[in-house]
1. Can you give the FRET efficiency for residue 18 and residue 115, using 1/(1 + (r/R0)^6), R0 = 30 Å, r = Cβ-Cβ distance, to the nearest 0.05?
2. Could you grab the relative contact order for the chain? Cα pairs under 8 Å, six or more apart, rounded to a whole percent.
3. Give the Cα extents of segment 104-172 along the principal axes, in whole Å, largest first.
4. Would you mind putting 48-54, 170-176 in packing order, based on average other-beta-carbon counts within 10 Å, highest first?
5. Show 75, 47 ordered by accessible area, largest first, where the area counts protein heavy atoms only and the probe is 1.4 Å.
6. Given points 7 Å out from each Cα along the Cα-Cβ axis, report the residue 66 to residue 25 separation in nanometres with one decimal.
7. Which pairs break 22 Å Cα to Cα here: 62/88; 19/126; 95/126; 41/174?
8. From the helices alone, meaning DSSP H stretches of at least four residues, give me the mean residue ellipticity at 222 nm for the chain, per-run term -39500 (n - 2.57), in deg cm²/dmol to the nearest 500.
Amino acid sequence: AHIASPYIDITFDENELMKYRQRMERWYWLVEELRGYSETKRQPIDDWMQSKLHSHIAAVTKAMDAFEFRQATEDLYFGLYNDIQWYKRRGGTNKAVAQELLSVIATLSCPFTPFFAEELWESIGKGFVVQQQWPAVHESLLLSSAGVQEELVSTAMTDIQTVKELTGMTDPQKIVLF
């Protein structure tokens, strides 16, 4: 799932291989969880997730076009994964968003982990992923107000956690933001 630049030889490291195996197992369980989403009502976090998804499509596409495979895999397998985790943490469970995520994950991962991609695509029930078009970026979804709002929430939560760690406070009674 993680490869070097086309200008550098790939080195084999068994420890790194085990890390990537664990990463793919986490992806497997994440996919299983996304399949179970059933919420039909949209929330602002759903708009944020779609915005992030299309940002990742753009980033992976740009990296692939430049033969920067390592950057493409980092964005896909690490960046998108982290954003989906944030989406879950903030209560996102929309079925339509989950279905779009599954479809895009399968398509983007096909060049790097084809067996994973085909298994995922088959579970969606759409034939073969290798025969599908590369996902298009919907520019209208990239800059949403929900995205800006969610970034503020994320920054505030990170800052609060940092302050708690620096002060040694584990369970403050009150937190004031200004």
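The values are calculated or read from the model by the stated rules, or taken from the named source; none is laboratory data. Because the structure is predicted, anything quoted here is derived from the model rather than measured. All Cβ positions, glycine included, derive from the backbone under ideal geometry; neighbour counts span all protein chains shown. Areas reflect the complete protein model, heavy atoms only, side chains present, ligands, DNA and RNA absent. Shrake-Rupley method; radii C 1.70, N 1.55, O 1.52, S 1.80 Å.
1. The computed FRET efficiency comes out at 0.95.
2. Working: 161 pairs, mean separation 48.6, N = 178.
It rounds to 27 percent for the chain.
3. Principal extents (largest minus smallest coordinate, Cα): 54, 29, 20 Å.
4. 48-54, 170-176
5. Largest accessible area first, the residues go 47, 75.
6. Once both label points are built, they end up 3.4 nm from each other.
7. Values: 62/88 27 Å; 19/126 30 Å; 95/126 17 Å; 41/174 32 Å.
Cα-Cα > 22 Å for 62/88; 19/126; 41/174; rest within.
8. Working: 8 runs with 111 residues, N = 178.
Roughly -20000 deg cm²/dmol at 222 nm, from the helical runs in the chain.
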